[in-house]
Ligand code: A2P
């Protein structure tokens, strides 16, 4: 498995198992199967509502001798209601307790959006805190404290536009090493990719397969189908692999980590085997041009009436 280099010579396996939308009751088997299949990177977040079950599966795999903790890369995230500096470490400790781990390999600010303590999803304007009230640099100091205390080996962000990444790099004691964002051929984000590379910040591609299992509340009826796009299918036929493997391999060839979600044993294996799929420069360009440009997770849920956040402010 190819890896990305982090500080202290740590290496993140480029394919990880995504656990967003993996239901309690299914995610235990998915994680245990993935670890037995050879995954060494699991992507989690408290807002996914399944970290305790993910933790049970990791613990079981370690107890069965499938792997050692030191051979596994675990990423989790800080939810929006714990952006105040003093709230960061308590939130991280809850995640570590659920995951039954002593440290995270990577801890990310989930969104550049702050909510009042205890609010999972906002219902009205009172549930929001603005970035003037809780600047991201304040949250970042809490993230840095997590590294100082040995609770996170590396820290980073998610859903940050280039301007925000650049500002954080210029205003931090410990630099962000990762920005996890939506990336796939309908949203290649080439400027963000180039800019983060110059800043020395890695990217992880979320929703690499088009995230078709999102709930109807955050999914439009007329969304384009990434896995069924004729160009993706054509490359899959040419390379004798599946459309899912083309999309995962496309992410790897761009130098990004990628976290396809699956709770199906066959697809969990299929997705890991994408690391053996070679794509030519022509294949890469052909896929990059397919369009339409489309963001599946558009963040509109943060831009409701009365909110201090706007879509333009989020994505720049
Ligand atoms: P399942 O969990 O039943 O495998 P994303 O990672 O973009 O969020 O996409 C996840 C969705 O893609 C889920 O519906 C998942 O279903 C499905 N999926 C995962 N791997 C594959 C694959 N190799 N081919 C087709 N669909 C896949």
Report task. Check 41, 8 and return the single one that is in contact (Cβ under 8 Å) with a residue 24 or more places away in the chain, in contact with a strand residue (DSSP E or B) (Cβ under 9 Å, 6 or more places away or on another chain) and crowded, with 23+ Cβ neighbours inside 10 Å. Result -> 41
Requested in this report: Starting from residues that are free of Cβ contacts under 8 Å to residues at least 60 places away in the same chain and surrounded by 23 or more Cβ atoms within 10 Å (Cβ to Cβ), keep the ones in segment 170-187 and report whichever is nearest to residue 259 (Cα to Cα).
Outcome: 181
Query - Residue check for residue 232: within 11 Å of the ligand (Cβ to nearest atom), under 16 Å from residue 188 (Cβ atoms) and either more than 22 Å from the chain's Cα centre (by Cα) or modelled with pLDDT under 95 (or both) - result: yes
Report task. Note down all Cβ pairs under 7 Å where the first residue falls in segment 188-209 and is over 13 Å from residue 178 (Cα atoms) and in contact (Cβ under 8 Å) with a residue 60 or more places away in the chain, the second is part of a loop (DSSP other than H, G, I, E, B) and within 16 Å of the ligand (Cβ to nearest atom), and they're at least six residues apart or on different chains. Result -> 207/296; 207/297
Report summary line: Restricting segment 200-229 to residues that are within 11 Å of the ligand (Cβ to nearest atom) and touching a strand residue (DSSP E or B) at 6+ places or on another chain (Cβ under 7 Å), the one farthest from residue 16 (Cα to Cα) turns out to be 226
Query raised in the report: Can you name the residue in segment 241-278 that is under 23 Å from residue 191 (Cβ atoms) and within 11 Å of the ligand (Cβ to nearest atom) and, of all such residues, is farthest from the chain's Cα centre (by Cα)?
Result: 247
Query raised in the report: Is at least one residue of segment 277-284 part of a helix (DSSP H, G or I) and in contact with a helix residue (DSSP H, G or I) (Cβ under 7 Å, 6 or more places away or on another chain)?
Result: yes
Query raised in the report: With respect to residue 114, is the statement that it is over 24 Å from residue 16 (Cβ atoms), crowded, with 21+ Cβ neighbours inside 10 Å and in contact with a strand residue (DSSP E or B) (Cβ under 9 Å, 6 or more places away or on another chain) true?
Result: yes
Requested in this report: Test each condition in (1) surrounded by fewer than 21 Cβ atoms within 10 Å (Cβ to Cβ); (2) touching a residue at least 40 places away in the same chain (Cβ under 8 Å); (3) within 16 Å of the ligand (Cβ to nearest atom) for residue 52 and report the one that comes out false.
Outcome: (3)
Report task. Please go through segment 245-256 and pick out each residue that is touching a helix residue (DSSP H, G or I) at 6+ places or on another chain (Cβ under 8 Å), in contact (Cβ under 8 Å) with a residue 40 or more places away in the chain and closer than 21 Å to residue 21 by Cα. Result -> 247, 248
Query raised in the report: If you scan segment 1-45, which residues turn out to be within 15 Å of the chain's Cα centre (by Cα) and within 11 Å of the ligand (Cβ to nearest atom)?
Result: 16, 17, 18, 19, 20, 21, 22, 43
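The values are calculated or read from the model by the stated rules, or taken from the named source; none is laboratory data. Just so it is clear, the structure is predicted and the values come from calculations on it, not from any experiment. Note that we place each Cβ from the backbone using ideal geometry, even for glycine, and neighbour counts take in every protein chain shown.
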